[in-house]
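As structure tokens, the structure follows; a few thoughts come after it.
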Protein chains: 2
Amino acid sequence: MVQQTGMSVEVIPVEGIPIIHEGDDLPRIIAGLFTFEDGDILIIASSVYSKSKGHTIELDKIKPSKKAIEIASGTGEDSRFIQVVLDQSEDIILEYPFVLSVLPHGHIGVRAGVDNSNVEKGTAIILPPDPMAAAEEIRDAIYRLTGKDVRTILTDTCGRAFRRGQTGTAIGWSGLPAISDYRGKTDLFGTVLEITEEAVVDEIAGFANFIMGESDRGIPAVVFRGCGSWNGHDEIYFPEETDIIRGLLKKLVDQ
Amino acid sequence: MVQQTGMSVEVIPVEGIPIIHEGDDLPRIIAGLFTFEDGDILIIASSVYSKSKGHTIELDKIKPSKKAIEIASGTGEDSRFIQVVLDQSEDIILEYPFVLSVLPHGHIGVRAGVDNSNVEKGTAIILPPDPMAAAEEIRDAIYRLTGKDVRTILTDTCGRAFRRGQTGTAIGWSGLPAISDYRGKTDLFGTVLEITEEAVVDEIAGFANFIMGESDRGIPAVVFRGCGSWNGHDEIYFPEETDIIRGLLKKLVDQ
């Protein structure tokens with residue numbers, strides 16, 4: 001057996017989380033099922049957090065606007081569902097063949113991250129209105145419950161441009177910088193790396209999503225142990241004026 | 001200590017890989033540093049594979065075309081470097097403020113994945129011309145060397161639309177489906193999931209990139225142990241006519 005000298009990372013699903021309902025104390029449930037260590041990164045599917053907080057909307061109570069009806073007739077979706085999507089959005093980038101929009105907290109996503117799977121029929125789950133605060137709240141709660149300094153990430157599953165399939169994406173985080181910033185560091189040959197920023201929070205969220213599974217496995221929380229720490233910043237969303245693809249799409253849609 | 005009943009995944013860096021040069025036998029070097037088990041997933045940075053195969057280009061030998069000079073004057077890059085990018089590309093989606101193009105094997109990337117970091121000055125590394133064949137070749141070599149049935153992924157680091165920072169992305173793979181296909185499966189409430197395809201190969205590639213690090217840590221190979229298997233398909237690239245964002249951008253650029 002060759003000895004590994006380096007640090008390896010363990011990725012551990014939190015097993016046994018029941019179906020979550022409004023009012024459930026999600027951090028307490030998780031802390032009762034898992035023994036944390038300082039430095040662990042706890043990744044939670046935002047849909048489960050939203051359900052625990054009642055961030056769900058019954059479509060029966062929604063009256064769609066003319067705009068929602070117009071978009072829904074193009075996309076073939078429920079106009080009340082589209083109304084929820086519009087209500088969540090701050091800026092619409094595309095309406096057809098799917099709604100792509102900017103949320104108030106900066107995230108850009110298809111259908112504004114509104115989800116009608118893994119929830120009772122006729123109900124839509126919305127993303128946590130302030131996902132950064134939600135991640136911090138969970139982090140604080142885990143600390144109060146366990147005394148352990150755990151970092152947290154809330155995820156959503158999102159499509160990407162140019163590539164098929166969804167991946168887990170970070171929408172809120174606490175205790176770690178979203179982006180590891182290598183600018184100014186040197187590569188193996190001493191060349192200064194000018195523009196290398198690594199979106200580590202999404203790389204972690206993505207693999208957490210792999211462990212969670214998407215359908216009826218139902219593992220909404222995963223712990224990464226041994227990740228170390230890094231320097232960087234949280235500016236994962238482009239300012240509107242520097243977002244090239246968004247600007248081009250908007251220009252086209254506004255024509 | 002709460003017992004974990006579920007499977008956890010171990011992510012292990014392959015330590016000790018030297019700087020790779022043309023002609024080096026990369027699978028043999030890795031097999032000499034790591035004890036594989038059946039089912040392991042070996043992720044390798046494509047830049048290192050390319051270097052071992054001599055997929056590098058000395059810029060001094062490149063004569064830039066008028067087109068390359070024109071683009072380079074806009075982007076502020078070396079026109080010989082842009083010529084290499086154009087030579088690698090099958091279809092240019094954007095020229096400014098960065099070249100975004102389609103490679104013959106389907107991957108869409110900025111600067112066609114051509115890299116001038118972690119290589120001698122004046123040299124550019126290109127992506128493996130056939131990354132699927134490269135992943136299969138490494139897989140076969142590891143099997144011959146170790147007798148272990150290992151799955152493989154080759155990665156590149158790529159930017160994304162709408163979000164800052166790069167993430168590891170799969171450009172070649174062997175022994176596993178790129179996309180886990182949940183279509184037809186039911187969610188927790190029995191609703192049929194209609195469009196859920198998860199790009200697991202990118203979720204694994206992304207977290208592998210986190211472990212590799214980007215600058216002078218220089219760990220170009222990582223092993224994932226305990227990932228299980230899944231059903232799906234390899235169609236990670238949209239056919240051109242169904243790629244919404246590509247179509248819109250091309251429309252704009254062609255105007």
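The values are calculated or read from the model by the stated rules, or taken from the named source; none is laboratory data. Model, not experiment: these values are computed from the prediction. Please note: Cβ atoms are built from the backbone with ideal geometry, for glycine as well, and neighbour counts cover all protein chains shown. Each accessible area value is taken on the protein alone, full model and side chains, heavy atoms only, with ligands, DNA and RNA left out. Shrake-Rupley method; radii C 1.70, N 1.55, O 1.52, S 1.80 Å.
Some notes on this structure:
- Solvent-accessible area lost on pairing A with B (1.4 Å probe, both sides summed) amounts to about 7800 Å².
- Span from the the range A:28-44 Cα centroid across to the the range B:61-76 one, whole angstrom: 53
- Summarised in one figure, the compactness ratio Rg/Rh of chain B, Cα atoms and Kirkwood Rh, is 1.00.
- Per residue, the accessible area of chain A comes to 42 Å², computed with a 1.4 Å probe over protein heavy atoms only.
- Assuming charge only on the beta carbon of Lys and Arg (+1) and of Asp and Glu (-1), the dipole of chain B about its Cα centre is about 480 debye to the nearest 20.
- For residue B:93, residues with placed amide H under 5 Å, excluding near neighbours: B:100, B:101, B:102
- Of the residues B:110, B:33, B:248, the one whose Cα sits farthest towards the positive end of the charge dipole of chain B is B:110 (charges of +1 on Lys and Arg Cβ, -1 on Asp and Glu Cβ, taken about the Cα centre).
- Cα gyration tensor shape for the range A:56-126, rounded if a/c is under 1.5, else prolate or oblate: oblate
- Cα centroid of the range A:131-153 to Cα centroid of the range B:96-173, whole Å: 36
- The protein assembly as shown shape via C-alpha gyration tensor axes, a/c threshold 1.5: oblate
- Rounded to whole Hz, the Karplus (6.51, -1.76, 1.60) HN-Hα couplings of the range B:18-23, x for glycine and proline: x, 4, 8, 10, 4, x
- Pseudo-label separations to other copies for residue B:63 - Cα-to-Cβ vector, 7 Å, nm: 7.3
- Percent accessible area from carbon and sulfur atoms, the range A:15-140, protein chains only, probe 1.4 Å: 48
- Nearest-20 debye value, the protein assembly as shown charge dipole, Cβ charges on Lys, Arg, Asp, Glu: 260
- Of A:142, A:71, A:44, the one that fluctuates the most in a GNM where chain A has Cα springs shorter than 10 Å: A:71
- Whole-Hz couplings from phi, Karplus 6.51/-1.76/1.60, listed for the range A:148-155; x for Gly and Pro: 9, 8, 10, 9, 10, 9, 9, 10
- Using Cβ point charges alone (K and R +1, D and E -1), the dipole size of the range A:1-140 about the Cα centre works out to roughly 540 debye.
- DSSP-defined beta bridges in the protein assembly as shown - what % are antiparallel, rounded to 5: 85
- Distance violations [Cα-Cα > 26 Å] among A:51/A:251; B:67/B:251; A:67/A:121; A:61/A:251; A:53/A:148; A:67/A:250: A:51/A:251; A:61/A:251
- Of A:64, A:97, A:13, the one that fluctuates the most in a GNM where chain A has Cα springs shorter than 10 Å: A:97
- Highest mobility in the GNM of chain A, judged by mean-square fluctuation with C-alpha springs under 10 Å and restricted to A:241, A:198, A:137, is found for A:241.
- Position residue A:39: other-copy label points at 2.8 nm, ordered by increasing distance, label point 7 Å along Cα→C-beta.
- Contact order for chain A, expressed relative to its length and based on alpha carbon pairs under 8 Å spaced 6+ residues apart, stands at 24 percent.
- The string of couplings for the range A:160-167 from the Karplus curve (6.51, -1.76, 1.60, θ = phi - 60°) is 10, 6, 6, 9, 6, x, 8, 9 Hz, one whole number per residue in order, with x for Gly and Pro.
- Other-chain or far-sequence residues with amide H under 5 Å of residue B:172's (modelled H): B:154
- Label points for residue A:149 are taken 7 Å from Cα along Cα→Cβ. From this copy to the others they lie 4.5 nm apart, shortest first.
- Under 5 Å from the amide H of residue B:149 lie the amide H atoms of B:38, B:39, each residue being 5 or more positions distant or on a separate chain, with H modelled from the backbone and absent for Pro and chain starts.
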